[in-house]
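Notes follow the structure.
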Amino acid sequence: MTLTAPIPARPGRPPAPVLELAGVVREYPGDPPVTALAGVDLRIGPGELVAIIGPSGSGKSTLLHVMGTLERPTRGVVRIAGEDTSAMSDKQLSGLRARRLGFVFQQFFLLDGLSVLDNVADGLLYRGGRLADRRRLALAAIERVGLSHRLRHRPSQLSGGEQQRTAIARALAGRPALVMADEPTGNLDTATGASILELLRELHRDGTTIVVITHDLDVAAAMSRRIEIRDGRILRDTTADS
């Protein structure tokens, strides 16, 4: 079962990119200003499995925030599933994130007062709709990540790997065009981290477009495409075939 929303392509043309950055610069105030991103050009097509790798301070976290429309670029253009975000209001950007993007963070960000089912369903609140519909989508996503036996459990009753699977289900529930995972194995032991990586690879095989932000070379090696960033610039962009 595929949980992504495909982007229509014109006959005879390749599918439109899920994400496109053109000349993206992100500066922070200072004397002199701090340049976190220095003219980034990037295209990610539907169905890709991408690692963005770099050391601390390389600009990869800023790139995640800009790609996810959590921060606006100082200059340049960000397009999500063909939609130019440049002139969007904050409300419009929130709607775009709710419809098109899914996020997985290192810290999980689950509410311990809620069950697994309600944690995932609440991730769909900004999309609107009835609770029954949100729970139906949430249940499908939870089954997809192998946690249907934990529906009524609270996060404190789950292992670290199960909490991360819940967070991944929350990101998938709205069938986004793109899922972005920020250090998804950072708080997990080696064996659990490997199982989460295999889950991401399995979701990719089913058609989900995934971008993983990491400093871990082993995590990056598990991805089909690797983009190395340093000092706010893309240094290398390679695929497993190359």
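The separation of segment 201-242 from segment 45-115, counted between C-alpha centres, amounts to 16 Å.
Each Cα pair under 8 Å and six or more residues apart adds its sequence gap; the mean of these over the residue count of segment 87-182 is a relative contact order of 46 percent. Along its first, second and third principal axes, ordered by size, the chain spans 51, 44, 38 Å in Cα coordinates. Solvent-accessible surface (1.4 Å probe) assigned to residue 34 amounts to roughly 80 Å².
Using only Cα coordinates, the Kirkwood hydrodynamic radius of segment 1-145 works out to 17.4 Å.
So what is the 222 nm mean residue ellipticity for the chain from helices alone, if each DSSP H run of at least 4 adds -39500 (n - 2.57) and you divide by all residues, rounding to the nearest 500 deg cm²/dmol? Per the formula, -9000 deg cm²/dmol. Contact order for the chain, expressed relative to its length and based on alpha carbon pairs under 8 Å spaced 6+ residues apart, stands at 29 percent.
Accessible surface computed residue by residue for segment 103-242, with neighbouring protein chains in place and a 1.4 Å probe, gives 47 Å² per residue. For segment 133-242, with all protein chains present and a 1.4 Å probe, just round the carbon and sulfur fraction of the accessible area to a whole percent. So the carbon and sulfur contribution to the accessible surface is 43 percent. For segment 83-142, compute Rg over Rh where Rg is the Cα radius of gyration and Rh is the Kirkwood radius from the inverse mean 1/r over Cα pairs. The Rg/Rh ratio comes out at 1.02.
The values are calculated or read from the model by the stated rules, or taken from the named source; none is laboratory data. Only a predicted model underlies this, so the values are computations on that prediction, with no experimental measurement involved. The area values use the complete protein model at the heavy-atom level, side chains included, leaving out ligands, DNA and RNA. Shrake-Rupley method; radii C 1.70, N 1.55, O 1.52, S 1.80 Å.
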